[in-house]
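Some notes on the structure that comes next.
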Amino acid sequence: MGILNVTPDSFSDGGKYVGIERAREHALTMLGQGADLIDIGAESTRPGAKAVSDETQISRLIPVVNAVIDAVGSGPLLSVDTRNPAVAAAALEAGAVLVNDVSGASSPHMLPLVAEHDAGIVLMHMQGTPETMQQQPAYTDVVSEVRSYLMRRLDAALAAGVNEDRIVIDPGIGFGKNRRNNLALLGSLNKFTDLGFPVLLGTSRKRFMGAICEETVFTELVGATCATTALGVAAGVRIFRVHDVKENRQAADVAWACAEAALPN
C-alpha cells in the first residue's frame, strides 16, 4: 500500500504532493514500483495534528481520486485514509474501494456506510486522538489490550453487515504508543494474524525507529522500515503501508520467497 498524502502537514512528506498533477504522478510512480494499493489521505494524523473539516478533506481528496482513476483505470485499488464518514462516502462514490480508518470506525455512521457500498474497511487501534495520542500513552498489557479492542471492532463490523472478506485490522503502530509499546506489538504480530483477518502494518519512517537507529531524518529510515516489513511477512501480515514502495516491495518479496522455500514440498 503506497502512501499518498495530499496534505500540507503530514509528518514526513507534508506538502510534497499537494496539487492534482503532482499527486497523480506520485501515484503512478508508486504503482510502477510495485504498489498494489494507493492510500490517499487529506488529513494529517501525525502526533499533535488538529482535525480538518469534511469540506476541506473532500476538496483535497476527490480531484486526486478522479485523476488517478482516469490515469490508470480500474486496475489498482484505491483507499481513502479518513475517520470521517462524509469524506469516506465522497471517496467511495468517486471510485475508492477501501476506507482506512485510524479511529477503528468509531463513528456510528462509518460501518453502515462501508456495508452499504460493499467496500473494505481497515480497523485500526489508536489510544486517544491524533492531537492527544502521544501525551503519555499507557497500557497494562499493550498486546492483549490492542488485540481485545480489535476483536470488538471486528464484531461491530460484522454486525453492521460489512462483508467478512473486506475487513482488515491494524494494531496502530505509533498511534498512542511509546517505543516499548510499538516494539511489543511488532514482536507479537502473530497475536493479530491468528485472528483470521488480513493485518495491515504501518511503520513507515516512524519516529520510534529513528530513536533506535539514532536517526532524526525521517527519509533516512527506509532500511528500518524494510526490517519491519520482512518481520511482518514472517508473521503473516498481508498489507504494508509505506512511503518507499520499491525498497519495501523488495523486502517483502524476498521475505516471502524465503518463507515459501521453508514450506514442506
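Where a number appears in this text, it was derived from the coordinates with a stated rule and is not lab data. Just so it is clear, the model here is predicted, and its values are computed rather than measured. Ideal geometry is used to build each Cβ from the backbone, glycine not excepted, and the neighbour counts take in all protein chains shown.
Okay, helix-only estimate at 222 nm for the chain: each DSSP H run of n ≥ 4 adds -39500 (n - 2.57), divide by all residues, round to 500 deg cm²/dmol; what do you get?
Computed mean residue ellipticity for the chain: -13500 deg cm²/dmol.
If all Cα-Cα distances of region 129-218 are sorted into 5 Å bins from 0 onward, what percent lands in each bin, rounded to whole numbers?
2, 13, 22, 22, 19, 12, 6, 2, 1, 0
Please arrange Val217, Val233, Val6 by counting, for each residue, the other beta carbons lying within 10 Å of its beta carbon, fewest first.
Final ranking by Cβ density, sparse to dense: Val217, Val233, Val6.
When the Debye formula is applied to the Cα atoms of region 52-109, each taken as the same point scatterer, what base-10 log of I(q)/I(0) results at q = 0.12, 0.20, 0.31 Å⁻¹?
Once normalised to I(0) and log-transformed, intensities are -0.26, -0.69, -1.34.
Computed over the Cα atoms of region 182-221, what is the convex hull's projected area averaged over all directions, in nm²? Could you put the intermediate results ahead of the total?
Working: hull surface 12.1 nm².
Hull-based average projected area comes out at 3.0 nm².
R0 = 30 Å: FRET efficiency of Ala71 with Glu220, Cβ-based, nearest 0.05?
On the way: r = 30 Å, r/R0 = 1.02.
Efficiency for this residue pair is about 0.50.
Select one label from [x] 18.9, 59; [y] 21.0, 69; [z] 17.3, 55: the one whose number is Rg and Dmax of the Cα atoms in Å as derived from the coordinates shown.
So the structure-derived entry is [z].
Given axes a ≥ b ≥ c from the Cα gyration tensor, I'd like to know whether region 31-80 is rounded (a/c under 1.5), prolate (a/b larger than b/c) or oblate.
Oblate, since a/c reaches 1.5 and b/c is not below a/b.
So who's got an amide H within less than 5 Å of the one on Gly120, skipping anything under 5 residues away but keeping other chains? H placed 1.01 Å off N, in plane.
Here the answer is Leu98, Val99, since their amide H atoms fall under 5 Å of that of Gly120.
Pop the C-beta distance of His109 and Ser148 into the FRET formula with R0 = 25 Å and round what comes out to the nearest 0.05.
0.55
If each residue's Cβ is checked for other Cβ atoms within 10 Å, how do Asp81, Asp244 rank with the fewest at the top?
Lowest count first: Asp244, Asp81.
Pull up the cross-link candidates among the aspartates and glutamates for Lys50, meaning alpha carbon to alpha carbon under 19 Å and not fewer than 8 places away within one chain.
Of all the aspartates and glutamates, those that pass the test against Lys50 - Cα under 19 Å, at least 8 places apart if same chain - are Asp9, Asp13, Asp81, Asp101, Glu131.
In debye, nearest 20, what is the charge dipole magnitude of region 120-265 about its Cα centre with +1 on Lys and Arg Cβ and -1 on Asp and Glu Cβ, if you could check?
Working: 15 positive and 15 negative charges, 41 e Å.
Once rounded to the nearest 20, the dipole reads 200 debye.
Below 12 angstrom from the Cβ of Leu221, what's the summed charge of the other residues (Lys, Arg +1; Asp, Glu -1)?
Within the 12 Å Cβ shell, the charges total -2.
About the Cα centre of region 18-96, what is the dipole size in debye to 20, counting +1 per Lys and Arg Cβ and -1 per Asp and Glu Cβ, all else neutral?
240
Subtracting the Cα-Cα distance from 0.36 nm times the residue separation, let me have the gained length for Leu263 to Arg180 in nm, one decimal.
On the way: separation 83, 0.36 × 83 = 29.88 nm, distance 3.25 nm.
Stretched out fully, the Leu263 to Arg180 stretch lengthens by 26.6 nm.
Note down the magnitude of the dipole of the chain about its Cα centre, charges +1 on Lys and Arg C-beta and -1 on Asp and Glu C-beta and zero elsewhere, to the nearest 20 debye. Before the final figure, lay out each step's value.
Values: 22 positive and 30 negative charges, 126 e Å.
The calculation lands at about 600 debye.
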